[in-house]
Amino acid sequence: MPPVFPMLTVLSMFYYMCLRRRARTATRGEMNSRRAIESNTRALPINVEIVQYAKEVLDFSSHYGSENSMSYTMWNLAGIPNVYPSSGDFTQTAVFRTYGTWWDRCPSARLPFKRTPSTFCSQDYVELAFEEPVYPTAVHILETYHPGAVVRILACSANPYSQNPPAEVRWEVLWSDEPKKVNGPQARQFTPCIKQINFPTNLIRLEVNSSLLDYYTELDAVVLHGVKERPVLSLKTSMIDMNDIDEDEDEEKFGCGMDTLNKQFSIVALREWPTNGYFDKLPYELIQLILSHLTVPDLCRLAQTCKLLYQHCCDPLQYIHLSLQPYWARINDTSLEYLQSRCTLIQWLNLSWTGNRGAISVSGFSRFLKVCGSELVRLELSCGHFLNETCLEVITEMCPNLQELNLSSCDKIPPQAFNHIAKVGSLKRLILYRTKVEQTALLSILNFCSELQHLSLGSCVMIEDYDLIASMMGAKCKKLRSLDLWRCKNITESGIAELASGCQLLEELDLGWCPTLQSSTGCFTNLARKLPNLQKLFLTANRSVCDTDIEELAANCTHLRQLDILGTRMVSPASLRKLLESCKDLSLLDVSFCSQIDNRVVLELNANFPNVFIKKSFTQ
């Protein structure tokens, strides 16, 4: 007689494995550290250790600084330390664009993708090249302000200085952990215990998560220690902890979370049970709901158990929202090819960080969108350096329902390619941070995409006349709710007036590091009077902001939640008290380097307004 509950047994075993993996997640960093220490102690000293600082910064996802400067940019990570061991806020360090959870609490915040594995928490990254490929023995990270953001260190098999690129690019995790809340902002040398790898590397990647920090983390330099020859391990390796095997082999097998998807998506033969037990009595939709809680790698594994679960795991309804960013190191053309049949109904797709160094080709990306793009509403392509004009053309042709497009830090797209975006009239969100979009293309986009609600133009250095851009927004983009003009160099009071008159639904406006705006022209008081719905206003590093501006905000923008006036010399404690008394929802107030606001004033305001995070930065 055939077994009555074979399918229940299979799923029960799989569920037990998932619970066991999750229960052990909390101690994985500790376990990896212990194993790394043991492996390091077994290495025989047959090589002379090479110590080297980063030679070059190859790639990064964001930075606080300007594209035409060295202050607060990732490029400061190249070479010897500039600041360490000093602590404080210094322009000679590398600083990412965001910190804390403030960016998740503003009108422009995006909904997270479901099924993101709990082990993936990276928000930003930077890739560093070193002179000599070595087998790493240690990585030292010199953190000079608000440390604790680094969550992963990876090594790459590709030599960025080699004339012959390898056929296969491998990434190995040297160390990973959850973000930490470090007591105090003081400088430190962070030296986690790393695992040994079986290839030499001179390309190191740091991934960070700044969500627990009270301010921007600042990195000064990275030191790579290593040997030229692969370390020989001691023979004392016969004793193996059986509890450590399955998780680590999983991590090796699936690389940075999942192996190249082709092996897992291609199923040759699956057993068909004569009866499916209780699964025959469960509605199809209920099984689908149960499986919706699995990550993509878990779906792939479960699909290999039997034909019934394979059918459920391959149902396109399981892939309505799909984020491949956590598996960026293993996604390639073959992965996309095998995903095509499962993604015919996909609406949200996240390919951020994927496809670099030839992993995804233009033809592979185009083939995927031609099959899977018709229902796409949201497409995340941040740091996709494989993208070119052909890709944007395919996106605009194959994704007629697209509403959100993120091209943040896609700095390899040529300027003329952005003209194609104007064909997507349904766009509601467009992120062009650190791209080469030019003025003509942007004017065309604004003219034809009148449904835009969220627009990011931060650090777009090729736009010549921001006043003209602001005027077009005021005329065409009446539904605009958030606008990022971070570090735009030439907007004046004229452009601000046009913007405030035409886009009165604005709730979020970032004018940080816009040096051509002067309070004496009345531009900030005009903003306060015309935009009563403002919840977030960044006037970072504008030294002309004065008491009159703050009082106008207090009188007209009572819904204000976040205000950054870093660097102003003209704001007094009295005007800040008026603001705090009027804006009951205010949660973030950055008064760093405001000369009239000393630590005594900050302590007093904190005591009287405990619900507001008042930030006062310093330099030693």
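Brief remarks follow.
- Taken as a whole, the range 397-407 holds no residue that is open to solvent by 10 Å² or more (accessible area, probe 1.4 Å), over 16 Å from residue 347 (Cα atoms) and within 22 Å of the chain's Cα centre (by Cα).
- Just one of the listed residues (352, 341, 335) is assigned to a helix (DSSP H, G or I), within 28 Å of residue 208 (Cβ to Cβ), small (Gly, Ala, Ser) and touching a residue at least 12 places away in the same chain (Cβ under 8 Å), and it is 335.
- Of all the residues in the range 514-535, those that are touching a Pro at 6+ places or on another chain (Cβ under 7 Å) and not in a loop (DSSP other than H, G, I, E, B) number 0.
- Count of the range 576-607 residues which are within 15 Å of residue 537 (Cα to Cα) and at pLDDT below 95: 0
- Residue identified as buried (at least 21 other Cβ atoms within 10 Å of the Cβ), at pLDDT 95 or above, under 20 Å from residue 400 (Cα atoms) and not charged (D, E, K, R) among 336, 351: 351
- Here residue 344 passes the criteria (1) closer than 27 Å to residue 289 by Cβ; (2) under 16 Å from the mean Cα position of the chain (by Cα) except the one numbered (2).
- Yes/no for residue 271 being open to solvent by 50 Å² or more (accessible area, probe 1.4 Å), at pLDDT 90 or above and in a loop (DSSP other than H, G, I, E, B): no
- Restricting attention to the range 588-605, the residues that are surrounded by 15 or more Cβ atoms within 10 Å (Cβ to Cβ) and either outside the structural domain of residue 560 (by the TED database) or not aromatic (Phe, Trp, Tyr) (or both) add up to 11.
- Failed condition for residue 516, given (1) within 20 Å of residue 594 (Cα to Cα); (2) open to solvent by less than 10 Å² (accessible area, probe 1.4 Å); (3) in contact with a Lys or Arg (Cβ under 9 Å, 6 or more places away or on another chain): (2)
- Every pair of residues 6+ apart whose Cβ atoms lie under 6 Å, when the first sits in the range 399-411 and is part of a loop (DSSP other than H, G, I, E, B) while the second is among the basic types (Lys, Arg) and open to solvent by 10 Å² or more (accessible area, probe 1.4 Å): 403/428; 409/434; 411/434
- Residue list for the range 149-182, filter: farther than 26 Å from residue 120 by Cβ, modelled with pLDDT of 90 or more and open to solvent by 60 Å² or more (accessible area, probe 1.4 Å): 161
- Residue 341 of a type in the set (Gly, Ala, Ser), at negative phi and open to solvent by 40 Å² or more (accessible area, probe 1.4 Å): yes
- Scanning the range 315-332 for residues that are in a loop (DSSP other than H, G, I, E, B), within 16 Å of residue 168 (Cα to Cα) and either among the charged types (D, E, K, R) or open to solvent by 20 Å² or more (accessible area, probe 1.4 Å) (or both) yields a single hit, 332.
- The listed residue being modelled with pLDDT of 95 or more, of a type in the set (Phe, Trp, Tyr), in contact with a Lys or Arg (Cβ under 9 Å, 6 or more places away or on another chain) and outside any loop (DSSP other than H, G, I, E, B), out of 418, 386, 365: 418
- Pairs, first under 17 Å from residue 429 (Cα atoms) and in contact (Cβ under 8 Å) with a residue 40 or more places away in the chain in the range 497-520, second open to solvent by 10 Å² or more (accessible area, probe 1.4 Å) and among the aliphatic types (A, V, I, L, M), C-beta under 9 Å, six or more apart: none
- Of the criteria (1) open to solvent by less than 30 Å² (accessible area, probe 1.4 Å); (2) within 24 Å of residue 500 (Cα to Cα); (3) in contact with a strand residue (DSSP E or B) (Cβ under 6 Å, 6 or more places away or on another chain), which one residue 568 fails: (3)
- Taking the range 434-465 as the range and being open to solvent by 10 Å² or more (accessible area, probe 1.4 Å) and under 24 Å from the mean Cα position of the chain (by Cα) as the test, the residues that pass are 434, 436, 453, 454, 456, 461, 462.
- Residue 97 vs. criteria basic (Lys, Arg), crowded, with 20+ Cβ neighbours inside 10 Å and within 15 Å of the chain's Cα centre (by Cα): yes
- Residues of the range 466-475 that turn out to be open to solvent by 30 Å² or more (accessible area, probe 1.4 Å) and under 19 Å from residue 404 (Cβ atoms), as a count: 0
- When residue 423 is tested against (1) crowded, with 17+ Cβ neighbours inside 10 Å; (2) without any contact (Cβ under 8 Å) to a residue 60 or more places away in the chain; (3) under 17 Å from residue 61 (Cα atoms), exactly one condition is not met: (3).
The values are calculated or read from the model by the stated rules, or taken from the named source; none is laboratory data. Worth saying up front: this structure is predicted, and the values here are computed from it rather than measured. All Cβ positions, glycine included, derive from the backbone under ideal geometry; neighbour counts span all protein chains shown. The accessibility values were calculated without ligands, DNA or RNA, using every heavy atom of the protein model including side chains. Shrake-Rupley method; radii C 1.70, N 1.55, O 1.52, S 1.80 Å.
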